Amino acid sequence: MKIAILSRNSKLYSTQRLVEAARERGHDVKVLDVLRCYMNITSHRPGIHYKGEDLEKFDAVIPRIGASVTFYGTAVLRQFEMMGVYPLNESVAISRARDKLRALQLLSRKGIGLPITGFANKPDDIDDLIDMVGGAPLVIKLLQGTQGIGVVLAENRQAAESVIESFLGLKASVLVQEYIREAGGADIRAFVIGDKVVAAMKRQARAGEFRSNLHRGGTASVIRITPEERSTAVRAAKTMGLNVAGVDMLRSNHGPVVMEVNSSPGLEGIEGATGKDLAGQIIQFIESHGAQGKTRTRGKG
């Protein structure tokens, strides 16, 4: 197969592993900087140009689109879909997962466990918003934040009111969520491929920090997850429409709660913690499911 990988940086661990895995299995693979792709949007012969040349025909495309380039990246991926190229994750699914509010609403509709979450627009509603999520301590998240940036733990009501008011004053959209104290600064990343959790790791925040992101000094270790956690992760990925996803969950007193569904989960931390060849499993999934024109949306939405 001819496989394209949309990645801003070919030297990233995840990108390199996917290239290695594809070549080991005999595929022709090319890394494309998504911002250097530009499109000919016509009804009869949609095309993509790259650095001055008309792109060759690919059988499949693996999107590794960073959050900061979601809009343009999904537009390029949509163009590949219109050309009949099989996407590992479809553009519509990536857009759903990247919109934190939309993602939580879709998960809620499917009855998937979530932390109590509030969303408001006016400072006048802050008091009721705080009460709605069970009071302080609580977590405040910028809708545009990634990798733990824009996430604040407000220890008391006064701090919560001040932070929410400041964000709203700056016209920033924020989610307010209950603080799951019993999680103890740890979360679970379940790596889903197709309809199975193929690997899972526990991420533990460093001392004095509540965010467990590995980029923020968190540590990763292999973990055995429960059948309920496994089912929750698979359902969350399916709700977003993602074939490959990293589902982040907390262990609460009332079962697993989903914090986020990541459409471009990194491979370095979880491959290192579990010793599993996840890049190889992703390529195997493409081999089994990828076919010309096999995309549900065909660029729609």
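So for SER95, SER7, fewest C-beta neighbours within 10 Å to most, what's the order?
Least crowded to most crowded, the residues run SER95, SER7.
Under 8 Å for C-alpha pairs, at least 6 residues apart: give me the relative contact order for the chain, rounded to a whole percent.
Numbers: 603 pairs, mean separation 60.7, N = 301.
This gives 20 percent for the chain.
Could you list which residues have their amide H under 5 Å from that of MET259, counting only those 5 or more apart in sequence or on another chain, with H placed in the peptide plane?
ASP248, MET249, LEU250
Which value in deg cm²/dmol, rounded to the nearest 500, describes the helix-derived mean residue ellipticity at 222 nm for the chain, given -39,500 (n - 2.57) per DSSP H run of n ≥ 4 and division by the residue count?
Values: 9 runs with 96 residues, N = 301.
For the chain, the value works out to -9500 deg cm²/dmol.
Using packing as a proxy for protection, rank 97-104, 258-265 so that the peptide with the highest average count of other Cβ atoms within 10 Å comes first.
Ranked by mean Cβ neighbours within 10 Å, highest first: 258-265, 97-104.
By the gyration tensor of its Cα atoms, with a ≥ b ≥ c the square roots of the eigenvalues, what is the shape of the chain: rounded for a/c under 1.5, prolate for a/b over b/c, or oblate?
Prolate is the answer for the chain, as a/c is 1.5 or above and a/b outweighs b/c.
For segment 254-259, just list the computed ³J(HN,Hα) in residue order, Karplus coefficients 6.51, -1.76 and 1.60, θ = phi - 60°, integers in Hz, with x standing in for Gly and Pro.
10, x, x, 10, 8, 9
Among PHE119, VAL174, PHE58, which residue has its Cα furthest toward the positive end of the charge dipole of the chain, with +1 on Lys/Arg Cβ and -1 on Asp/Glu Cβ?
Ranked along the dipole, the leading option is PHE58.
In degrees from 0 to 90, rounded to the nearest 10, what is the angle of the helix 227-240 Cα long axis to the longest principal axis of the chain?
Helix 227-240 sits roughly 60 degrees off the main axis of the chain.
List every residue whose amide H lies under 5 Å from the amide H of LEU32, counting only residues 5 or more places away in sequence or on a different chain, with H placed 1.01 Å from N in the peptide plane.
Under 5 Å from the amide H of LEU32: ILE5, LEU6, SER7.
Calculate one ³J(HN,Hα) per residue across segment 119-133 by plugging θ = phi - 60° into the Karplus curve 6.51 cos²θ - 1.76 cosθ + 1.60, and present them in order as whole Hz with x for glycine and proline.
Values per residue, Gly and Pro as x: 8, 8, 10, 10, x, 4, 9, 4, 4, 5, 4, 5, 4, 4, 9 Hz.
Given H placed on each backbone N at 1.01 Å, which residues far from LEU55 in sequence or on other chains put an amide H within less than 5 Å of it?
ILE48, HIS49, TYR50
Which is farthest toward the positive dipole end of segment 2-95 among THR15, TYR86, THR42, measuring Cα position about the Cα centre, with Cβ charges +1 (Lys, Arg) and -1 (Asp, Glu)?
So the residue furthest toward the plus end is THR15.
Between GLN284, GLN105, GLN158, where does the largest GNM mean-square fluctuation fall for the chain, given springs only between Cα atoms within less than 10 Å?
Among GLN284, GLN105, GLN158, the largest GNM mean-square fluctuation belongs to GLN158.
If you place +1 on the Cβ of every Lys and Arg, -1 on the Cβ of every Asp and Glu, and leave all else neutral, what size is the dipole of segment 2-95 about its Cα centre, to the nearest 20 Debye?
Numbers: 13 positive and 10 negative charges, 41 e Å.
It works out to roughly 200 debye.
For the chain, modelled as a GNM with alpha-carbon contacts under 10 angstrom, which of ASP33, ASP127, ASP277 fluctuates the most?
ASP127
Would you mind checking the pairs LYS110/LYS171; LYS30/LYS196; LYS2/LYS57; LYS11/LYS57; LYS30/LYS100 and listing those with alpha carbons more than 19 angstrom apart?
LYS110/LYS171; LYS30/LYS196; LYS11/LYS57; LYS30/LYS100
Based on the mean of other Cβ atoms within 10 Å per residue, sort peptides 130-140, 38-48 so the most packed one is first. Walk me through the numbers before you get to the answer.
Values: 130-140: 17.5, 38-48: 11.8.
Ranking, from highest mean packing down: 130-140, 38-48.
How would segment 26-89 be classified by its alpha-carbon gyration tensor: rounded, prolate or oblate, with rounded meaning a/c under 1.5 and the a/b versus b/c comparison settling the rest?
Rounded, since a/c falls under 1.5.
Kindly rank 184-191, 22-29 from highest to lowest mean number of other beta carbons found within 10 Å of each residue.
184-191, 22-29
Calculate one ³J(HN,Hα) per residue across segment 49-59 by plugging θ = phi - 60° into the Karplus curve 6.51 cos²θ - 1.76 cosθ + 1.60, and present them in order as whole Hz with x for glycine and proline.
These are the phi-based 3J(HN,Hα) values: 9, 9, 6, x, 10, 6, 5, 5, 7, 10, 8 Hz.
Please identify every one of the GluC sites (Glu not before Pro) in segment 98-174 that sits in a loop by DSSP and has no more than 15 other beta carbons within 10 Å of its own beta carbon.
When the GluC sites (Glu not before Pro) of segment 98-174 are filtered for loop state and at most 15 Cβ neighbours within 10 Å, GLU155 remain.
No value in this document is a laboratory result; all are computed from the given coordinates. As the structure is a prediction and not an experimental result, all values here were calculated from the model. Cβ: placed from backbone, ideal geometry, glycine included. Neighbour counts: every protein chain shown.
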